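Note sheet for the following structure.
The values are calculated or read from the model by the stated rules, or taken from the named source; none is laboratory data. Computed from a prediction, not measured in an experiment: that's the story for all the values here. Cβ atoms come from the backbone with ideal geometry, glycine included; neighbour counts cover every protein chain shown. Keep in mind that these areas ignore ligands, DNA and RNA; they rest on the heavy atoms of the full protein, side chains included. Shrake-Rupley method; radii C 1.70, N 1.55, O 1.52, S 1.80 Å.
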Amino acid sequence: MDLIRIRNVEKKYKNGVTAIYDLSLAIEKGAFVFVIGGSGSGKSTLIKMLYREEKPTQGQIIVGGLDVAKLKNKKVYKLRRKLGIVFQDYRLLMKQTVYENVAFALEVIGAPKDEIRQKVLKALEDVGLKNKIHNYPEQLSGGEQQRVAIARAIVNDPKLLLCDEPTGNLDPEKSMEIMQVLDDINKNRGTTIIMATHDKEIVNRMKKQVITLKDGHLVNFKKKGTYNNEAV
Ligand code: ADP
């Protein structure tokens, strides 16, 4: 079963730049997919369209049965509840503890306290940070902060986890730790993961599906891929 279907999508920004054109692809439930390509190839634009930060100017994007471009603004929450997002720069609340950062998303939807506690502890356990729940972000390393961000993104058990250059600020060793965490989440929770990256080493080592973008269009979709030179 496909979780995502993209048909003939084009994204032209207001300044006239066409960031994506003629893009069609499907991603099945439970997949782990890298999106690779040089700087400016459209990776972030594709990720942003999947969570309706940007709308396509043409074509159709279906995520978990929702027609993303057609969703009314007041219904975007329905899409956002199906997914979690991880960014390069963590985006944690610096004055809140690790626990509070992860709990926040559940508090805003009014989940009961007991359920929040159980889910937060499970998510922190899954990222290997159960022993740091009372720390503040500034007391953590970059890799640990990113693991908090991942825990926050998965706490409500979304079907889809979108990651935009999640290892971009980390050294190779910490990057591989993050990849291990993401691989475990994909395998144990069945979460579909889409990760934009330009890190060849990671893509080659993980042996996952690879979507290659070049100048806004799809040049390759490999089911078990390595970083190919068409991308650079
Ligand atoms: P990548 O993530 O692969 O570096 P992006 O999706 O960020 O690529 O960018 C693709 C193209 O779209 C680039 O030419 C970029 O300059 C342009 N672009 C990205 N965001 C915007 C925006 N908000 N307004 C105008 N142009 C943009």
Could you compute the net charge surrounding G30? Neighbours are other residues with a C-beta less than 12 Å from the C-beta of G30; K and R count +1, D and E count -1. +3
Could you report the chain's accessible area per residue, 1.4 Å probe, as an integer in Å²? 49 Å²
One would report the antiparallel percent of DSSP beta bridges in the chain, rounded to the nearest 5, as 50 percent
What is the percent of Cα-Cα separations in the chain that go past 23 Å? 47 percent
Share of accessible surface on carbon and sulfur in the chain, whole %, 1.4 Å probe and ligands ignored, is 46 percent
Given a 10 angstrom Cα cut-off, can you work out which residue in K82, K132, K14 is the most mobile in a GNM of the chain? K14
At a probe size of 1.4 Å, how large is the accessible area of Y90, to the nearest 10 Å²? 30 Å²
Given the C-alpha centroids of region 33-64 and region 144-176, what is the distance between them in whole angstrom? 18 Å
State, to one decimal in nm, how far the label point of E10 lies from the label point of L25, with both points 7 Å from Cα in the Cβ direction. 2.0 nm
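Against the 2.2 N^0.38 Å scaling, with N counting residues, where does region 90-157 land? I'd like the Cα-based Rg ratio to two decimal places. Each step should come with its number before you reach the end.
Working: Rg = 10.6 Å, N = 68, 2.2 N^0.38 = 10.9 Å.
Normalised by 2.2 N^0.38 Å, the Cα Rg of region 90-157 equals 0.97.
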